[in-house]
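What follows is a single structure, written as structure tokens, with notes after it.
Taken together, the values in this text are just the output of simple stated rules run on the coordinates, not laboratory data. On a predicted model such as this, the values are computed, not experimentally measured, just so you know. Cβ: placed from backbone, ideal geometry, glycine included. Neighbour counts: every protein chain shown.
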Amino acid sequence: MTDRRPCRVCNFTRQKSYGLVVPSLDDLKIKGSEFLGFSPREQVTVVLENDGTIVEDQAYFLCLPLNTKFMLLHDKDLWSPLRRMDGGTAWMARESVILESDTVDANIDVPPWCDLAHQLKQDLASIILMSEADLQTLVDAPCPELASALRFQEKTTESLQESLQRFLDRKEEARQSKELLQLYLKAVEKEDMQQEEQRKPSLGGAEDVDMPDGLEVDSASGFMSRTLMVLKGKTSPETRLSTEDLQMVVTKGIDTMEQVLGWNRTRTSELLEACEAELTKRLQQVQAIQSVRSSAQESGETCAEESEATRDNN
């Protein structure tokens, strides 16, 4: 009679691991299935846990070292290598719950995506009610293991993760566009308030009212003193002026601005070109914001269509 050989068995997730002593490969399948909770009628495949080599031959089984660890696979279970994350963050990965010992702690937490995968397996439509954090968890889950948990093909699971990632990307773009639009509207409102203050008539004689520094208007040029200070003394003044001031500079033209600033024609021409370029840039930004705002409104409908298509494919 063949000597009994000590070995270990685990399931494809490596969450269950048991030590056995069996005389043959067939006995390993029977006894291992019993310990791992497989039905006796289910066909199982025995592979080496460390590299996935299929073990089908009794002679090969007997040649293996004592205490070799085997993995029992059934139905659509797939072998996958043991992976660990660097930097002390291995607890975040699925392999953080894999036990190398022969005993299993029933209180060990499984990765968050396992619960989400179970929900999807019960009802695929539940994905609509998941939060963005839950969807991101599914996207970050290992594709082969997620496919096995869902009983999907890897290609189908990969398509699902890509669709979810596109949906999350659109949501983030819409959020950023909304924040940018809000900042833009606040800036416009602030600029309008400043212009309104400048247009208020003085309550007394001009000589009786002290104008705040920078709001005095140069009678010869029509520019406020603050604007002239920026034009003459600041680097890249076009980025520091309001849109109204930029339009005023461009409208007056090179001849008038040459006299106002007291510069030569070349330097004045360069300033006007910079102001025109800045005006064009701001116009393009406004148009981009409006375009993104419109596309953000359509992103929800597009994502809903993709989710429906994914369900149809499955």
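Amide H to amide H, with H built 1.01 Å from N, Arg5 comes under 5 Å of Val22, counting only residues 5 or more places away or on other chains. Amide H contacts for Gln15 (H built 1.01 Å from N in the peptide plane; partners 5 or more residues away or on another chain; cut-off under 5 Å): none found.
The GluC sites (Glu not before Pro) of the range 16-70 meeting both criteria, a DSSP state outside H, G, I, E and B (loop) and at most 13 other C-beta atoms within 10 angstrom of the site's C-beta, are Glu42, Glu56.
Legend: residue pairs Lys29/Lys121; Lys69/Lys155; Lys186/Lys252; Lys121/Lys155; Lys29/Lys69; Lys186/Lys281, Cα-Cα distance threshold 21 Å; pairs beyond threshold, Lys29/Lys121; Lys69/Lys155; Lys186/Lys252.
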